[in-house]
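Taking it in order: structure first as structure tokens, then the write-up.
Only the coordinates and a few stated rules stand behind these numbers; no lab work does. Only a predicted model underlies this, so the values are computations on that prediction, with no experimental measurement involved. Every residue, glycine among them, receives a Cβ derived from its backbone with ideal geometry; neighbour counts consider all protein chains shown.
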């Protein structure tokens, strides 16, 4: 095993009997590929994805984990940051931020992007400084994709971290009551996943777990946003798409919430008998998922705000 990314890429190219011109075709210039193989240039997220597709190996994850975070200490700090955000432990996250922002390995590339994301998550949950969070996320994405601008979001390929920051930007716009901007970001997320991840050329090598979760959550959020905008037909289309996607990919996560939103939307459309079916499904799913109180809360809300459902349910 070679100790640098350029040598690995060169080995893979020769393994498939490809010239530098053949490998770079449709991806980058021959000159740029030569510089990457010589470790004189770092590949962008886009180039990594395109090379991965052609060579049928996930170079993106390999590159990030082994070479962009090539020192054990940096990997450990990165894992701690992700764990703190997942556990909502923002006191410890703040301490980690103060440590790693002085670390030489967190001044460029994926590590710098992670540092920006950590700061953004802290500001979002602790200080609710949403404008600052948007700016931090933009800087974080630009650490991976220098050409990134919110206006051309759908023109890029994003890492899991990049998508996390995009999603956080959408949350900020929602909190700032800028619904159109929030919806646009969510639509960009769907568009890029459809274009770059769910196409046949990428499915063979790409790990889809995170992307599937994000796609499902984005469909749910769009359905909910359009519901509260009283655009029930659009809400219904995204909710249905979310349910179909969940069943297709064996994802029980968010299914109760999706069925609850479907029943609410059908109720608003005055399709009461259909709404009753989805209401019962949502209650059943909440109970099966181990959240019986959610089913009780949903029933209490129906009694107060959607009495037609209770009437039909008691027939």
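Mean sequence separation of contacting Cα pairs (under 8 Å, at least six apart), scaled by the length of the chain, corresponds to a relative contact order of 9 percent. Once the Cβ-Cβ distance of residue 88 and residue 178 is raised to the sixth power relative to R0 = 25 Å, the FRET efficiency obtained is 0.50. Taking a ≥ b ≥ c as the square roots of the eigenvalues of the Cα gyration tensor, the stretch 230-315 is classed as oblate, since a/c reaches at least 1.5 and a/b does not exceed b/c. If you take the square roots of the eigenvalues of the alpha-carbon gyration tensor of the stretch 70-207 and sort them as a ≥ b ≥ c, do you get rounded (a/c under 1.5), prolate (a/b over b/c) or oblate? Here the stretch 70-207 falls in the oblate category. From the alpha carbon centroid of the stretch 168-183 to that of the stretch 231-249 is 21 Å. Restricting the calculation to alpha carbons of the chain gives Rg and Dmax of 22.6, 74 angstrom.
Taking 0.36 nm per residue of sequence separation and removing the Cα-Cα distance, the residue 57/residue 233 pair yields an extension gain of 59.3 nm. You can think of it this way: the chain between residue 253 and residue 291 has 12.4 nm of extra reach, that is 0.36 nm per residue less the Cα-Cα gap. Going by a ≥ b ≥ c, the root eigenvalues of the Cα gyration tensor, does the stretch 5-68 fall in the rounded group (a/c under 1.5), the prolate group (a/b larger than b/c) or the oblate group? Rounded is the answer for the stretch 5-68, as its axis ratio a/c remains below 1.5.
As a rough guide to protection, the peptides 302-313, 22-33, 250-261 ranked by mean Cβ packing within 10 Å, highest first, stand as 250-261, 22-33, 302-313.
With helices as the sole contributors, the chain gives -22000 deg cm²/dmol at 222 nm; each DSSP H run of n ≥ 4 counts as -39500 (n - 2.57), and the sum is divided by every residue. Given their separation in residues at 0.36 nm each and the Cα-Cα distance between them, residue 108 and residue 151 gain 13.1 nm when the chain is fully extended. Here the spin labels are modelled as points 7 Å beyond Cα on the Cα-Cβ line, and at residue 128 and residue 29 they lie 5.0 nm apart.
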